[in-house]
1. Under the 0.36 nm per residue contour assumption, what length would be gained going from the current alpha-carbon distance of F300 and H54 to full extension?
2. Using a 1.4 Å probe over the heavy atoms of the protein chains, calculate the carbon and sulfur portion of the accessible area of the stretch 399-498 as a whole percent.
3. Is it possible to state the helix-based mean residue ellipticity at 222 nm for the chain, with each DSSP H run of 4+ residues giving -39500 (n - 2.57), the sum divided by total residues, to the nearest 500 deg cm²/dmol? What is it?
4. Checking the cross-link filter: which lysines have an alpha carbon closer than 16 Å to that of K438, excluding same-chain neighbours under 8 positions apart?
5. How many angstrom separate the Cα center of the stretch 323-390 from the Cα center of the stretch 481-498?
6. Suppose we keep just the alpha-carbon trace of the chain; what are its Rg and Dmax in angstrom?
7. With axes computed from alpha carbons, what is the tilt in degrees of helix 277-289 against the longest principal axis of the chain, rounded to the nearest 10 within 0 to 90?
8. By how many nm would the segment from E6 to K289 grow when fully extended, if each residue of separation counts as 0.36 nm and the alpha-carbon distance is taken off?
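The values are calculated or read from the model by the stated rules, or taken from the named source; none is laboratory data. Because the structure is predicted, anything quoted here is derived from the model rather than measured. Every residue, glycine as well, gets a Cβ built from its backbone with ideal geometry; the counts of neighbours run over all protein chains shown. Note: accessible area is taken over every heavy atom of the protein model, side chains too, but ligands, DNA and RNA are not part of it. Shrake-Rupley method; radii C 1.70, N 1.55, O 1.52, S 1.80 Å.
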Amino acid sequence: MREQVEKNVWNIAFGCTLFLILFVFFTQVHPLVPYDGDDWVNMSSFRVALPKWHAWNPIKVLPEISFPIAGYIAAYFVTPIVGDYVRSIVLVSAFYVCSIVLLYLFLFKKILEKNVGLSEFACALITVLFLIAHFVILKKTGANSQYLLGSTNLTCFYHYTVPGILNLCLVEYFMLNEFSLKSFMEKNMITKSIVLLGIYLAIFSNVLHSIIFIAAVMAYLILEYWKELLCPNCWKALIKENYFWLGIVLVWLVSLVFEMSGGRAHGIGRDLMQLPIKQTMLTFWGASKSFNSFLLAGIFILLVLFAYWLHKKRLTSEVVKIVRFQCLQLVVAIGILIIYLVLVCAKASPGYIGRGDVLVGPLGLLLIAIFLASSAIIKKHTKLVLVLPIALLVFSVEAMSPKSAYAESTMNRVNPRICYAIDNDLINQIVSADKAGKTEMILVVPKGDDRDNWPHPMYMGGNISRTLYRHGIITQPLKITIKPDTKMNEKYHIAIPK
């Protein structure tokens, strides 16, 4: 009893420490500040919590309900306490992102404890190393570096980063029970309902990320039942035994049909034969060449050691069987995922496949496999735990190295503090007009691009007015005309597009 209490206290303290570090990162170091036109429209625009045929984004249930919910919580629960509307949005968004990342880390730690059987100390150190690897793997010299837990703006955190991490969480959850349907069905009703909700939100989140969990399911079925798959007479029994997994895959396929009906998909309008697949593959190859060489060298060494260890020792323990199968499952899933991403990104835009918030899928699975394999080696050679603190120090210094700063999660990589100041400037203009009883106003914004003045587009007037009205910042919607002014750029030291 006492041991269990101490373990729970340790886990709570460890989780709170990780959460605090992440929260400081996303509120102080690289704050999640709203800034552009997408942020202002998506922050208060709800949709039905079901896939919607012919909508612009038919299946984006998770991002298009979570962002507005966060906006309302920030406006009506946090702003009265903090006294700062924009700051409240930062705090709520950071809390949301940190919570899903913490779940991701917690499930990974549970895999190490249950499937590998490592000590609490070893699991904690490896989990921290696992987290740091998400910041190091894309870190390069001489330019703003992406990181797997980052994105290009606040909207994309809700639309890309969180859906990606949620799908990875589902992969980890079912890895805990070796994708055993029997084990899942033995869970209580509360657990099963929460997991099914997670699966629903993961599938109906983002077409680039819903494949992550599905790829792991497909990989499991291929590896576990490859003989039956080659025997048509076995298919009926196979379907009966795996109705749950096949049902999930079927729902995912339905989600793709919904997505193809959407305005965005029709707007792209490329046939299969016209897809720039070669360009997409080159973009992916270019992104892979920028992977951190320091981490890649470490991964290569670990893979060689793991392969040698499995071959030379000819180990048959239960731990080795589980780890070997799950690492192979993850590798197959990565292969499925990359093929899918190449096709979808070729359809949407080849540049997507080079983004950190898209690569979080294949690279997240890769990191799980690498650290799982490493943990199995440590389980066999327990003295290797002694070098983990050294590895933690080396990784931490690499992550914090000033040779390359992490890219800001704002459009055009504008400093978040400048974005914060501009946000308040725009809000003050609107609030002043509202207090003066005006129904129309001209909103002065920084000069953007020559197409539509992005990131403060000419069409954002109605969006920011509706959001501020719905959040109780102004008393009535205003008709807002956007007026770009280079003096705003000079005031806030933003480059003026040429």
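1. Values: separation 246, 0.36 × 246 = 88.56 nm, distance 4.58 nm.
Difference between extended and current length: 84.0 nm.
2. Details: 2860 of 5250 Å².
Heavy-atom surface of the stretch 399-498 belonging to carbon and sulfur, 1.4 Å probe: 54 percent.
3. Working: 22 runs with 313 residues, N = 498.
Mean residue ellipticity, 222 nm, calculated: -20500 deg cm²/dmol.
4. Cross-link targets: K479.
5. Cα centroid of the stretch 323-390 versus Cα centroid of the stretch 481-498: 42 Å apart.
6. 24.1, 80
7. Around 80 degrees separate the two axes.
8. Working: separation 283, 0.36 × 283 = 101.88 nm, distance 4.52 nm.
Difference between extended and current length: 97.4 nm.
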